[in-house]
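Read the structure below first, then the notes.
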Amino acid sequence: MIARAVFWGSLGALAWTHAGYPATAAALGRIRRRSVRKVSFEPSVAVIVAAHNEEAVIERRVANLRELDYPTEKLQIVVTSDASTDRTEELAERAGARIVRNPRGGKVAAQDHAVRETEAEIVAFSDANATWARDALDKLVRSFADPEVAYVCGQLRLEAADGGNQEGVYWRYEMLTRDAESRLGSVTGGNGSIYALRRSDYVEVDPRWGHDLSLPYLMVQRGRRAVYEPRAVSSEKPTPSNESEYRRKIRMFEHCWLIVLRGGMLRRQPPGYALELLSHRHLRYASGILHLVLLGASFALVRESELYAVATGLQLGVIAAAAAGVALPRYYVLITWATNVALWNYLRRGVPATWQIAEGTR
């Protein structure tokens, strides 16, 4: 019966992307670890912070970067302003950063311009609201002693949310999966808080794309590695509630859908890494669709056996708990639903290149 195949297919896909794949990657990563040669290594580095109207945090951000344990003669701090209309540029320059001014074009366009303006061996990137540990840059660049490595992302630690946002729970789970992927060869995604590339490997992508999802797979397509360094630590304040995180995730998933559907992620990829992309990215972003399909199949089969009735009840129970405000179910339902809203937005109007500051993160 078609309904049964749909039920078990959607359930299996959800179970694999959320549980089976992370567990399998972790197990395989312990068995066949692909190491990274890390030694003391101090190349010239430009740390680039893209900013649009960040006057509330930019002085603190520059001060934090100036305090890093890294040779000052080899470190340049660059604030690339995406047409800021407040005092971002003035305050950043006063704090000791080099300013690169841009017409309004979005984060990626501002980053591209800044890279063109520097000659450093390594270009590192961070958010304006992030705080790096003093040794973060030193730990980040050590992996570049390995000639196979083109991209390194560090560990983002989310501070305790002011409200009820459960993003921190998800992020710890995500970091474990990313660590496993790195041991297997390369990560399938990074994070905007702390990452770096060799300048010679930097790729200018569609300005509507984000670096977090696009750069790792592009490096692997070029025969390079994109790895995770958990000792390079950055911290950020998350949005205050599950509802604000839901709105942030819609904006983020719009860019993800663009890359998944138009970015050629699976083209010329090694088979193992292609499976990682399918498991961790394609199926994860399709979770909202899979849940709708699963619920529809469950309703169609609810009278057929007790198993399908229980499955239907469990799904409705999670939705009811989310509606009642129970923290983790509400987070999961909202973020999963955000994938559907983002896909609809992308199909309906496309994806803008510019961005706005997420509420409560400053």
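How much area per residue is accessible in segment 100-220 when the probe is 1.4 Å and only protein heavy atoms are counted (Å²)? Provide the component values of the computation, followed by the final result.
Numbers: 3960 Å² over 121 residues.
That works out to 33 Å² per residue.
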Please give me, ordered by residue number, the trypsin sites (Lys or Arg not before Pro) of segment 1-66 that lie in loop per DSSP and have at most 14 other Cβ atoms within 10 Å. ARG32, ARG33, ARG34, ARG37
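Work out, step by step, the length gained on full extension between ARG116 and ASP86: first 0.36 nm times the residue separation, then minus their alpha carbon distance; give nm to one decimal.
Working: separation 30, 0.36 × 30 = 10.80 nm, distance 2.47 nm.
Between ARG116 and ASP86, full extension yields an extra 8.3 nm.
So, with +1 on the Cβ of K and R and -1 on the Cβ of D and E, and no other charges, what is the size of the charge dipole of the chain about its Cα centre, to the nearest 20 debye? List each step's numbers first, then the result.
Details: 47 positive and 40 negative charges, 212 e Å.
Dipole of the chain, to the nearest 20 debye: 1020 debye.
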GNM of the chain, Cα pairs under 10 angstrom: of ALA50, ALA25, ALA322, the biggest fluctuation goes to ALA322
Taking R0 as 51 Å, what FRET efficiency do you get between ARG98 and PHE299 from their Cβ-Cβ distance, rounded to the nearest 0.05? 0.30
Out of residues 5 or more away from GLY192 or on other chains, whose amide H comes under 5 Å of its own, with H placed 1.01 Å from N in the peptide plane? none
Given labels modelled 7 Å from the Cα in the Cβ direction, how far is it in nm from VAL203 to ALA19? 3.5 nm
LYS74 versus ARG348: modelled label distance in nm, points set 7 Å from Cα along the beta carbon direction: 5.1 nm
Roughly to the nearest percent, how much of the accessible area of segment 1-149 is carbon and sulfur, given a 1.4 Å probe? 51 percent
Loop-located trypsin sites (Lys or Arg not before Pro) in segment 161-231, at most 16 other Cβ atoms within 10 Å (DSSP): ARG222
As I understand it, the dipole of the chain uses +1 on the Cβ of Lys and Arg and -1 on the Cβ of Asp and Glu, about the Cα centre. Which of PRO270, PHE41, LEU197 lies farthest toward its positive end? PRO270
Shape call for segment 58-204, from the Cα gyration tensor axes a ≥ b ≥ c (a/c under 1.5 means rounded, otherwise prolate when a/b beats b/c, else oblate), comes out oblate
Run a plain Debye calculation on segment 205-362 (Cα atoms as equal point scatterers, no solvent) and give log10 I(q)/I(0) at q = 0.20 Å⁻¹, rounded to two decimals, same order as the q list. -1.32
Can you tell me which lysines have their Cα less than 28 Å from the Cα of LYS38? Leave out same-chain residues fewer than eight positions away. LYS74, LYS139
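Can you give the FRET efficiency to the nearest 0.05 for ARG4 and ILE319, using r as the Cβ-Cβ distance and R₀ = 30 Å?
Details: r = 22 Å, r/R0 = 0.75.
Efficiency for this residue pair is about 0.85.
Expressed as a whole percent, how much of the Cα-Cα distance distribution for segment 272-315 exceeds 12 Å?
Numbers: 601 of 946 pairs.
Cα-Cα pairs in segment 272-315 separated by more than 12 Å: 64 percent.
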Can you give the Rg/Rh ratio of the chain, where Rg is from the C-alpha atoms and Rh is the Kirkwood radius? 0.99
When the charge dipole of segment 205-266 is computed with +1 at the Cβ of Lys and Arg and -1 at the Cβ of Asp and Glu, the Cα pointing farthest to the positive end, of PRO230, LEU218, TRP257, is that of LEU218
Estimated FRET transfer efficiency (ARG247, SER35; beta-carbon r; R0 51 Å; 0.05): 0.80
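The values are calculated or read from the model by the stated rules, or taken from the named source; none is laboratory data. Keep in mind that this is a model prediction, so the values were computed, not measured. Cβ sites come from the backbone with ideal geometry, for glycine too, and all protein chains shown count toward neighbours. In case anyone asks, the SASA skips ligands and DNA or RNA and just uses the protein heavy atoms, side chains included. Shrake-Rupley method; radii C 1.70, N 1.55, O 1.52, S 1.80 Å.
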